[in-house]
Amino acid sequence: MDLGLTHPQRRLREEAASFCASVRPLLEADPEWQRQGMLSDGDSLAVNAALGREGWIGLSWPPELGGRGLGRLDATLVEEVFGYHWLPLSSYLLSYKTIGAALERYATAELRDRLLPPIARGELVFCQGFSEPGAGSDLGALSTRAVRKGDVYVVDGQKIWTSSAQLADWIYLAVRTSATEPKHRGISVLVAPMDTPGIEVRTFPTLGGGVLCEVFLDGVEVPVANLVGEANGGWTVLMHTLDFERITAEKVGGVSWLLDGVERHLAEHGRLDRSSRERLAALRGEAAAARLVSFRAADALDRGVPASHLAAMAKLGGARLVQRAAAAAVELLGLDGLAEGPAAAVGGRAAGMLRASVGSTIAGGAAEIQQLVIARRGLGLR
């Protein structure tokens, strides 16, 4: 598809595809990926290290912080290619795209210099401690407390649905630092090493095939110097963080791969009729729309203009696309689409993506939250 890209952008995507081919043996040697419904939700420290070595992490950061000095749009173009080639990207997406972007903007110079270069080298991995048992999409309801005592905050509470916590080096924590401020104003953001005393991680399996984590925080002491942004001003930091998280071009790439694979399978077995062609074409149209919304949101971030409603549109459109495409793939493939494993149709990815898609309109902010953001910040409704 002609995306109207510049020659350097086309070249960047070609280089990204070549990199993906070079790391494929790392994944083929690991049976864990056979049950992973969307590899972009999975983790591989080996792949993350390779991304860092080859300069694919931190594309939009300045060279002095380990980046290439490109734009967020360039990184989004590359992430779609990574998704098409089914790279496990959880560590990359959290450490660079989401948390790293917020650290670049809001962290102190000391924290940026300490954390961003090793992230860019693929040597440091973050997890994100936002959701709690009583605070998911309503992030303002979080209750994990951080009480300042001298030069440290003492943190107590629990986080859940925490991706990559089982292998992360650091955690990016949303905490309540004031009990008297309105709920959206008494929040701060802290970062801490995962080996800090008082942090405990427990994993549990997901329908999508990977694992998520619970993180328990019991008297965890975090230096005040590890505050990101202002004390009690964390809501602004969190909203900026979510703007980056919600641009999910990598999932559009995964859907595009699945549609191509289904079409090839049907053609090879003499089942590619007019009806299936029309259905695949309609889904490709949806994928094109989701892709362009992601690009538009990334471009807005590059230009420094409000992007929350565009990021919410990208998140909501991408999540619904994954659900519709996975269901259509299984239906078009018939019984072949229900089998999983490398010997199955399209590598068993249709059934795997269908499993993983169930939570796609919940994770990262429920569909209803995205609709509110679009209505209020995009359309000016109240």
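Let's see how each residue does on (1) among the hydroxyl-bearing types (Ser, Thr, Tyr); (2) farther than 26 Å from Val373 by Cβ; (3) out of contact with any Lys or Arg (no Cβ under 8 Å at 6 or more places or on another chain); (4) modelled with pLDDT of 95 or more:
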site	(1), (2), (3), (4)
Gly140	no, no, no, no
Tyr153	yes, yes, yes, yes
Ala174	no, no, yes, yes
Met194	no, yes, yes, yes
Cys213	no, yes, no, yes
Val228	no, no, yes, yes
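Sort out for me the strands (runs of 3 or more DSSP E) sitting completely within region 147-229 that have 3 or more residues that are surrounded by fewer than 21 Cβ atoms within 10 Å (Cβ to Cβ).
Fully inside region 147-229 and qualifying: 152-162, 199-205, 211-223.
Got a sec? Which of Val237, Val175, Val211, Val201 is under 23 Å from the mean Cα position of the chain (by Cα), among the β-branched types (Val, Ile, Thr) and more than 30 Å from Gly83 (Cα to Cα)?
Being under 23 Å from the mean Cα position of the chain (by Cα), among the β-branched types (Val, Ile, Thr) and more than 30 Å from Gly83 (Cα to Cα) holds for just one of Val237, Val175, Val211, Val201, which is Val175.
Out of the residues in region 313-343 that are among the charged types (D, E, K, R) and within 30 Å of Leu242 (Cβ to Cβ), state the one that is nearest to the chain's Cα centre (by Cα).
Within region 313-343, the match that is nearest to the chain's Cα centre (by Cα) is Lys315.
Would you check if there is a residue in region 59-68 being touching a Ser or Thr at 6+ places or on another chain (Cβ under 7 Å), buried (at least 24 other Cβ atoms within 10 Å of the Cβ) and either over 14 Å from Asp302 (Cβ atoms) or not charged (D, E, K, R) (or both)?
No, every residue in region 59-68 fails to be touching a Ser or Thr at 6+ places or on another chain (Cβ under 7 Å), buried (at least 24 other Cβ atoms within 10 Å of the Cβ) and either over 14 Å from Asp302 (Cβ atoms) or not charged (D, E, K, R) (or both).
All but one of (1) touching a Gly at 6+ places or on another chain (Cβ under 9 Å); (2) more than 25 Å from Ile160 (Cα to Cα); (3) part of a helix (DSSP H, G or I) hold for Glu340; state the number of the condition that does not hold.
If we test Glu340 against (1) touching a Gly at 6+ places or on another chain (Cβ under 9 Å); (2) more than 25 Å from Ile160 (Cα to Cα); (3) part of a helix (DSSP H, G or I), just (3) comes out false.
Of all residues in region 1-54, which are touching a Gly at 6+ places or on another chain (Cβ under 8 Å), modelled with pLDDT of 85 or more and assigned to a helix (DSSP H, G or I)?
Asn48, Ala49, Ala50, Leu51, Gly52, Arg53
Residue by residue through region 344-374, note down the ones that are closer than 20 Å to His240 by Cβ and free of Cβ contacts under 8 Å to residues at least 12 places away in the same chain.
Result: Leu372, single match.
Exactly one of (1) among the aromatic types (Phe, Trp, Tyr); (2) touching a Ser or Thr at 6+ places or on another chain (Cβ under 6 Å); (3) farther than 30 Å from Arg114 by Cβ is unmet by Phe244. Its number?
(3)
Contact list please: Cβ distance under 7 Å, first residue in region 103-124 and within 18 Å of Ala50 (Cα to Cα), second residue surrounded by fewer than 16 Cβ atoms within 10 Å (Cβ to Cβ), pairs at least six apart or on different chains.
From residues that are within 18 Å of Ala50 (Cα to Cα), the pairs are Gly122/Arg53.
Arg274: among the basic types (Lys, Arg) and free of Cβ contacts under 8 Å to residues at least 24 places away in the same chain, yes or no?
yes
Just the residues that are of a type in the set (D, E, K, R), buried (at least 17 other Cβ atoms within 10 Å of the Cβ) and within 16 Å of Leu321 (Cα to Cα), please, taken from region 249-278.
Listed by number, the residues that qualify are Glu250, Lys251.
Taking the stated definitions as given, is Arg68 at pLDDT 95 or above, charged (D, E, K, R) and out of contact with any Phe, Trp or Tyr (no Cβ under 9 Å at 6 or more places or on another chain)?
So Arg68 fails the test.
When residues of region 264-301 are filtered for being more than 23 Å from Ala319 (Cβ to Cβ) and of a type outside the set (S, T, N, Q), how many remain?
Residues flagged as more than 23 Å from Ala319 (Cβ to Cβ) and of a type outside the set (S, T, N, Q) within region 264-301 amount to 13.
The values are calculated or read from the model by the stated rules, or taken from the named source; none is laboratory data. Owing to the predicted nature of the structure, the values given are computational and were not obtained by experimental measurement. In this analysis, Cβ positions are derived from the backbone assuming ideal geometry, glycine residues included, and neighbour counts consider all displayed protein chains.
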